[in-house]
Amino acid sequence: MPRKKKQECKGIPGWLVSFGDLMSLLLTFFILLFSMGTISLEKFHMVIKGITESLGGRKIIYEEKILNTSNIEVEFPQMYMKLKKKRNKLQKDLNRLEEILEKAGIEAEVEKHGSIIRFRLNTDRMFPSGSASPYREVVPLILEICKNLKETQFPITIEGHTDNTPIRFKSNLELSAERALSVLKLFQGCGYPDRLLSARGYGEYRPVVPNDTPENRAKNRRIEFVIDTSG
């Protein structure tokens, strides 16, 4: 009986050879690109610095020794959790101040718009009519506001507003600006950082309600602490 011929192994498909050559060429090409490429350490550091600052980290000073350091300490005072904690504290402080001021006869209101908080105070019990100097007994209350807000140290714009009732000698716009500046100076005196303070006067031009009744005009006579909690 004749022996069966041994079955030979199947040959490699022709396309696989071409595919292998292509992969080898691509690998060689990328190795060549990598060997020719250089990384600018200064540019790399600038990218890391930008990312760090955008996330609330403190600025990193570029030094040569940073290249030989495996662990770099970076502080993040404005990271979300810390920022959230500061915002919650600010909200509690404002609620407490609102109660203190209401007891002193000064109408107060907290209004929130996104990351902006407005702490609104009626000025009838804060300033004499037509005057930019606060009553003597109100000064400790303004300093108490400063003392509480100073702990969180958010940027604050102090805004002055009036109704549309004409006054002698000065315009309502000037009066509102001087009142805002008077409060700002008290904040400076209690140690609030200057770089975080600004003052503006809007006079009668940004009413919260129409100036058509005595009650509404009273609501428009106000000082507002505009607090930016965006970090």
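Looking at the range 134-231, the helices (runs of 4 or more DSSP H) lying wholly inside it that each contain 1 or more residues that are within 20 Å of I117 (Cβ to Cβ) and of a type in the set (A, V, I, L, M) sit at 139-150, 172-189.
Residue by residue, here is whether (1) under 17 Å from V110 (Cβ atoms); (2) touching a helix residue (DSSP H, G or I) at 6+ places or on another chain (Cβ under 6 Å); (3) in the same structural domain as F119 (by TED's automatic domain parsing) holds:
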| residue | (1), (2), (3) |
| --- | --- |
| C146 | yes, yes, yes |
| N172 | no, no, yes |
| A199 | no, yes, yes |
| D212 | no, no, yes |
| E224 | yes, no, yes |
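Residues in the range 154-182 that are surrounded by fewer than 17 Cβ atoms within 10 Å (Cβ to Cβ) and among the hydroxyl-bearing types (S, T, Y): T165, S171. Restricting attention to the range 115-140, which residues are within 15 Å of D163 (Cα to Cα) and among the polar types (S, T, N, Q)? Hits for the range 115-140 are N122, T123, S129, S131.
Confirm whether E151 is closer than 25 Å to K86 by Cα, within 23 Å of the chain's Cα centre (by Cα) and surrounded by 18 or more Cβ atoms within 10 Å (Cβ to Cβ). For E151, the condition - closer than 25 Å to K86 by Cα, within 23 Å of the chain's Cα centre (by Cα) and surrounded by 18 or more Cβ atoms within 10 Å (Cβ to Cβ) - is not met. Taking the criterion of being within 29 Å of the chain's Cα centre (by Cα) and of a type in the set (G, A, S), the residues of the range 100-147 that qualify are A108, G114, S115.
Okay, residues lined up against (1) within 26 Å of I223 (Cα to Cα); (2) modelled with pLDDT of 85 or more; (3) not hydrophobic (A, V, I, L, M, F, W, C):
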site	(1), (2), (3)
I39	no, no, no
K49	no, no, yes
T52	no, no, yes
L67	no, no, no
Q78	no, no, yes
K86	yes, yes, yes
L94	yes, yes, no
K112	yes, yes, yes
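The values are calculated or read from the model by the stated rules, or taken from the named source; none is laboratory data. Source: prediction; values computed, not measured. Note that we place each Cβ from the backbone using ideal geometry, even for glycine, and neighbour counts take in every protein chain shown.
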